[in-house]
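Beneath this line is the structure, given in structure tokens, with notes to follow.
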Amino acid sequence: MGEVRDPDHGGSGPERQSSDTTPLTSGYARTLPYRTPIGHALLIAEHSWQKPEVVVAVPDVTLIIRPPSGDGPSPVRGRLINVRTDAVARSAKGTGMTGRRGYFESEDAYVRRATEAATSAAADADARLAGQIRTTDGRINALAARVEGLSQAFDAFLDAAALRRECEQYWSAAAVRGFVRAHLGALSGRGGAVPAVGGVADVPGYWLPAAVRGLIALLGGGGGGGEGDGYGEGVQDSTAAELLAEATRRDAYRTAVFLVAVLGARGAGAEAEPWLRVALPKVADAAELTLATRCLWLAYGAGAYGPAGRAVLSEWLGGLTASVESGELEKALDALGGGSDPLPRQADDPRIRNLRSKAVEDSLRDAAVAGRSLATLYDALNGTPPRPTADAAAQDHDTPAPNPSLETLITALVEEGSTPEIELLRRAAELEARARRSALRDDSPQPVVWTMSVGLPAGVLLADLFDTAEAAAGRRTTALNALARPLATLADALLARTTELPTTLTVSIPWQPPIVLDHATPLAQTLATVHADIQRAVEADSPGSGRRQAEANRRRVEEQRQIASDRLGDAVEVLADYRRQGEEIHTGAKQAYDAVMSLLGSHAEGTL
């Protein structure tokens, strides 16, 4: 294991071997714990004479021990002052190993530490590599998605370009649209002189040229490009009437919508009175509201066309609301002001878990929904903002704004095109919008089409009624005027759904057919009937006249009667709880109903 060398004599003393834990010598000694290549050992140096330096050598390491200062022949303890690795031996044998601080350590410890260090370094490298791979994969996927988007955009652009080339055969209709587009500001009263009639070439069968020529004539534009802005100047009224009559013959509805929108945007709504009714669709065709209908609805209600416009709108909305079913109103009302399940969640009591009735709870839930709708209706009439819900808040980004402007309507109507090119232009616009979304990766909306749906009549009316903003006061009043009678009918129907309370509960009892528990029948009477049935059933099941048989039957009867009594007692509590919930629902609904009818009455009297 090691030897004690005397540097003065150059020889070696007697060699003393030991195991990892056995001292080399006995006696007065200095114990030096140290790690050697073969494990933990105790190196003991015994000094029986004074030496300036004692060297203890072990494989691959040299320990230098110096005695402390002092005189006398007594043995002295050495102290470890330095440990150094023997570089020559290490290079020769290849087994020298040092720790983090340069001290010698065992082979096992060295291997363990080196393994841990290598494993940690490898794990760090793996983590870095995995992060780089994930980053690279993300960039590759993003690049692939980008390339795919650009490819789709390019394909859509090519398809749209092909459709646009196909539309070139309708160049005369496109020229009319270009003329209107260039002079839309002047026609709408936003500035500029009214253009000349001669700048519009007629296109057979297309309503827009005749409508534009008639409008220019009505606004005072002359054949030579007169700049008059007064009505009836430059062109005879008869000429304007003939042109507008021709446009009406070609397409009465589009002509009316165009004229009403332009005159309303120009601030000359009184001149649009002949076309106010025609511009609104028939009630039978208004199952869904279009952008044009909603736009004119708002303009009529805002007074852009004077009392005549309000009167036409009131009459039209009256017919529209008369065709709206109460179920549609209730559905829209629940979507605007609804929430979670209105029925309180019951505690899970194992004792009564099997006594609950799904049919009764569904009936109570329906009554609670009706009561909540009445409360929501009261909030709307009272000017309280509705509680937002996920269904009401979620809207498609392609849905147009609920309050479009007249300029938006005019542009969408003009850009529709003539009859042969309507579908081509629509598809081309959709493809171009798709190309923009794919190339720019944004949420560009679909092209605005004047016939696109903006919602159901009931939903739009209730949305106006719920709009408590100061700027929406006019829309709210218009909706309330239209909905007053339908809402009163709906309130009656909602209250009626809360009046019926649960009266019976079906109870299952072991060894007996199901029993219908009626709240009007005393529990004692029901128990007497059930007990008699149990007595008869037990006697029929186990006939006999012996005392043992009679005693067994008696015990069975008592046991089953006790079970039936407990079961029916619990069922009575459940039925009473159901009725209590129903009464609470009805009380709240009745209060909301009274408040709603009071507000509707005040509105009818003009005091709301």
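The values are calculated or read from the model by the stated rules, or taken from the named source; none is laboratory data. A quick note: this is a predicted structure, and the numbers were derived from the prediction, not measured. Cβ placement follows ideal geometry from the backbone for every residue including glycine, while neighbour counts extend to all protein chains displayed. The area values use the complete protein model at the heavy-atom level, side chains included, leaving out ligands, DNA and RNA. Shrake-Rupley method; radii C 1.70, N 1.55, O 1.52, S 1.80 Å.
Quick notes
- Of all the residues in region 342-385, those that are modelled with pLDDT of 85 or more and either part of a loop (DSSP other than H, G, I, E, B) or of a type in the set (V, I, T) (or both) number 3.
- Residue, farthest from S373 (Cα to Cα), within region 495-516, restricted to residues that are of a type in the set (A, V, I, L, M, F, W, C) and either in contact with an Asp or Glu (Cβ under 7 Å, 6 or more places away or on another chain) or surrounded by fewer than 18 Cβ atoms within 10 Å (Cβ to Cβ) (or both): W511
- Across region 284-296, the qualifying residues are those that are hydrophobic (A, V, I, L, M, F, W, C) and open to solvent by less than 10 Å² (accessible area, probe 1.4 Å), and the one among them that is modelled with the lowest pLDDT is A286.
- Residues in region 167-195 that are open to solvent by 30 Å² or more (accessible area, probe 1.4 Å) and within 42 Å of the chain's Cα centre (by Cα): 2 in all.
- For region 450-460, the criterion of being assigned to a helix (DSSP H, G or I) and either in contact with a Gly (Cβ under 8 Å, 6 or more places away or on another chain) or at pLDDT below 80 (or both) is satisfied by no residue at all.
- Among residues of region 413-427 that are more than 13 Å from E168 (Cα to Cα) and of a type in the set (S, T, N, Q), those with a beta-carbon under 9 Å from a residue that is open to solvent by less than 20 Å² (accessible area, probe 1.4 Å) and not in a helix (DSSP H, G or I) at least six positions away or on a different chain give the pairs T419/Y206.
- Residues within region 145-166 that are under 17 Å from L440 (Cα atoms) and open to solvent by 60 Å² or more (accessible area, probe 1.4 Å), tallied: 10
- Within region 180-196, residues that are outside any helix (DSSP H, G or I) reach partners that are modelled with pLDDT of 80 or more and aromatic (F, W, Y) with beta carbons closer than 9 Å, at six or more positions or on different chains, in the pairs P195/F179.
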